[in-house]
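Notes follow the structure.
The values are calculated or read from the model by the stated rules, or taken from the named source; none is laboratory data. None of these values were measured; they are calculated from a predicted model. Ideal geometry is used to build each Cβ from the backbone, glycine not excepted, and the neighbour counts take in all protein chains shown.
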Amino acid sequence: MPGPVPSAGAPGSSPVGTPPTKKKGWIWALVGCGVCGLLSLIALVLLLVGLGAFTSDGGEERATSAPETSEPASSSPEEESSSAPASSDPASSSSAPAAAPAGEVLPAGSEVTVEDMQGEKTTVQFGTVNWDATDEVMNAPGNNPEPPAGTVYVVVPATVTYQGGSQDTAIAALRVSASLQTADGSSASATDVEAFVEHSAFSEPIPAGTPTEVNWVFAVPSDQAGKGTMEVQSLTNFNAEPVTVALR
């Protein structure tokens, strides 16, 4: 005889006709993994886009800076003009207008222009020479000494003019070196004798462009007095060749 049918709700039994409930946790796990994967993919895409932009900017900088380092240097017009040979135009030459070729003598009365190291000019023009001025020098004020034995005093007058430059005034006579060359080729330097010398010419500055009358006194051998030449150059430019002028 069959046993009794278990009633609903009895311990260890299931309701009649109701299937057992299944767990859905694995579904949510899959959904979470998908979301994480999607976020990772988005992050990777953004990272790649950023790297691409950075690489593009660096390439542009290299492309723009490359010509500066690889382009060969070229001479500018100023550099080419500065390296061009100096002009041979006589007008641009710094030589004195009255300068004679080496070994030649300028005529008496010629005006000579000499230049110092800075290119500033002084002109000199000699007058008529007193070839026997011993008596006049000895009788002049100043207690001048007698000339050395066998010599006579010779006075060479000149007009000296500082043409201007860095100074508004100058002692023109002290800008010029002059020596007398006798007929036998001997050279006599100017003495310290001050006879017939305008003192201001050697001690007081004169405005540029103003002529200054100067008397140079030389002691030359008696047998050589009467003929000679003058050699003139700047007192501060001994590299320049002296200019030779005949005396009268």
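Assorted remarks:
- Qualifying residue in the stretch 197-213 (condition: at pLDDT 85 or above, among the aromatic types (Phe, Trp, Tyr) and either on the phi < 0 side of the Ramachandran plot or under 43 Å from the mean Cα position of the chain (by Cα) (or both)): no
- Qualifying positions in the stretch 121-175 - more than 23 Å from residue 234 (Cβ to Cβ) and of a type in the set (Phe, Trp, Tyr): 131, 153
- Whichever residue in the stretch 135-165 is buried (at least 20 other Cβ atoms within 10 Å of the Cβ) and within 16 Å of residue 191 (Cβ to Cβ) and, among such residues, is modelled with the lowest pLDDT: 137
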